[in-house]
1. Across 10 Å bins from the origin, how do the percents of Cα pairs in segment 259-364 run, short distances first?
2. Please compute the length gained on full extension between Arg286 and His72, using 0.36 nm multiplied by the number of residues separating them and subtracting their Cα-Cα distance.
3. Which residue, Gly307, Ala224, Asn100, has the largest displacement toward the positive end of the dipole of the chain when charges sit on each Cβ (Lys, Arg +1; Asp, Glu -1)?
4. Which value, in nm² and rounded to one decimal, describes the direction-averaged projected area of the C-alpha convex hull of segment 62-207?
5. Sum -39500 (n - 2.57) across every DSSP H segment of at least 4 residues in the chain, then divide by the residue count to get the 222 nm mean residue ellipticity, nearest 500.
6. At 37 °C and 0.692 mPa s, what whole-number value in µm²/s does Stokes-Einstein give for the translational diffusion of segment 8-70, with Rh from the Kirkwood sum over Cα pairs?
7. Report the calculated FRET efficiency for Ala97 and Leu57 (r = Cβ-Cβ distance, R0 = 22 Å), to the nearest 0.05.
8. To the nearest 20 debye, what charge dipole does the chain have about its Cα centre, counting +1 at the Cβ of each Lys and Arg and -1 at the Cβ of each Asp and Glu?
Amino acid sequence: MSRFDIVIIGAGIAGASLAAEVAPHASVLMLEAEDQPGYHATGRSAAFWSETYGGPLIQPLTSASGPWLQDHGLLTPRGELYLARASEWGEVERMMAAFNGRVVMERWSVEQARRWLPGLSNDFAEALWMPSCTDIDVAGAHQLFLKGARQAGAELRCGAPLERAERMGSGWRLVAGGPVIEAGVLVSAAGAWADQVAALAGVPPIGIQPYRRTVVQLEVDPPAPADLPLVMAMDGSFYFKPEAGGRLWLSPHDETPDSPCDAAADELDVAVAIDRFEKAARWPIRRVERRWAGLRSFAPDRLPVYGFDPLEPRFFWCAAQGGFGIQTAPAAAKMAAALLLGRQVAEIDPAPYLPDRFRNGGSR
Ligand SMILES: Cc1cc2nc3c(=O)[nH]c(=O)nc-3n(C[C@H](O)[C@H](O)[C@H](O)COP(=O)(O)OP(=O)(O)OC[C@H]3O[C@@H](n4cnc5c(N)ncnc54)[C@H](O)[C@@H]3O)c2cc1C
C-alpha cells in the first residue's frame, strides 16, 4: 500500500499543471487511465491563446497565463480576426464593450481583411482585429508541467484508471489496478470523466457535459500564408488558422453533446465545415488531409470548477475547462493549488470558479 497527500485523477493539461504547482509542498500521485497522458482533449486542441475566447470571466485566467507561456517560449504571434455580417453589428459592439480596456481590439473594414483573404464573401461587412492572439505549443506546455511535477517528486502512473474510491478516516482508499492507494485528498482532473470520478467517490455530479468539437486539416490552393491570423466567424459558425506547410486547420465550431469517450470526427461535421469555409472564403480546397475530434467539457454555467466540494471536503474539483483549458492552465493551476493547499490566492479571485455555486442552493 502507498500513501500520498494528494492523488490527482487525470494527467491531461489540467492534472499535470496542478501537480506541478502542488508537488513542491505535498506528496502527489497522478493516475492516468491511458497509456500516455494527453491522449484526450489536451492532445486534440486547436492550440491558440485568445484573450476573448470563453468570455469576460475566462479572460483573467487567460491573460494571467500569458507571461508564463511567453517566458517558456511556448507562444508564437498569430493575431485574430473576427468576421461579422452587417446584421452582427450589435455583436461587435457588445464584444468591444465586454473587453473594453482589457483586450486590444480594432475595428477593421472588410478590405483590410482581404489582405489575407482575397476571396472573402461579400456577406461580411466588417472585421474586428485582436493582435494579442498567439499559437501555443501545447505538447511543449504539457511536457513542461509533467517534468516540473516529476522534478518536485510527483509520481505519474499511466494505464491506471481509478476504479474505486472509498472514504476512510481523514482520506481515501483508492483502487486503480494495483495495490490499494491511500490519499489525503482526491482531485478530479479527469476532463470529460470529471463527474464519473466524483460518482466513484460518492460525490454528487455537478453536471459537467462533454461536447464534441471537430477539426480538419486542409490542403488549400494557394497555400495558406504563414502570417494568416486565426479567423473566427462572429456568429460562431467556423474558425480556421494556418498550419505548417501552407495547410489550414478548420473547425465548424460544432458543439454536439456526447458521452465521455475516445471522440472521432463525424463525416457530417466535416462536410459542414467545408461548406461554411467555401461559402465564406471562396478558397479552393485540394484535399482533406486529416480530421479529428475531441471533447470540450463544460459545467452548466460554462465556467471551470476549481475548489473543494462543500459536500465532501476531501474531494477537490479541477474540471470543466471547456475550450480554454490550455490557454488558462498556468494561472488556473496556481489559483487551484493555493485553494488546495489552503494558502492565500494571490492574483485571481477564485469566487466565480468554486463548486459552491452548485451546492446548497448556490447562487447559480
Ligand atoms: C477540438 C478542440 C480544440 C480546442 N482548442 C483549444 C485551444 O485552442 N485553446 C485552449 O486553450 N483550449 C482548447 N481546447 C480545450 C482544451 O483542449 C481542454 O480544455 C483541455 O485539454 C482540458 O484538459 P483536461 O486535462 O481537463 O482534459 P483531458 O486532456 O481530456 O485529460 C483528462 C484525463 O483524465 C483521464 N481520466 C479520465 N477518467 C479517468 C480515471 N477514472 N482514472 C484515471 N484517469 C482518468 C483521461 O484519460 C484523460 O487523459 C480545445 C479542445 C478541443 C477538443
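Read-outs: derived from the displayed coordinates by stated rules, not from any lab. Quick caveat, the model's predicted, so the values are computed rather than measured. In this analysis, Cβ positions are derived from the backbone assuming ideal geometry, glycine residues included, and neighbour counts consider all displayed protein chains.
1. The calculated distribution, bin by bin, is 12, 32, 24, 17, 13, 2.
2. Length gained between Arg286 and His72: 73.4 nm.
3. Sorting the options by dipole projection puts first Gly307.
4. Values: hull surface 55.0 nm².
Its average projected convex-hull area is 13.8 nm².
5. Working: 8 runs with 86 residues, N = 364.
The helix contribution divided over the chain gives -7000 deg cm²/dmol.
6. Calculated translational D: 245 µm²/s.
7. Details: r = 15 Å, r/R0 = 0.68.
Here the calculated transfer efficiency is 0.90.
8. That gives a dipole near 380 debye.
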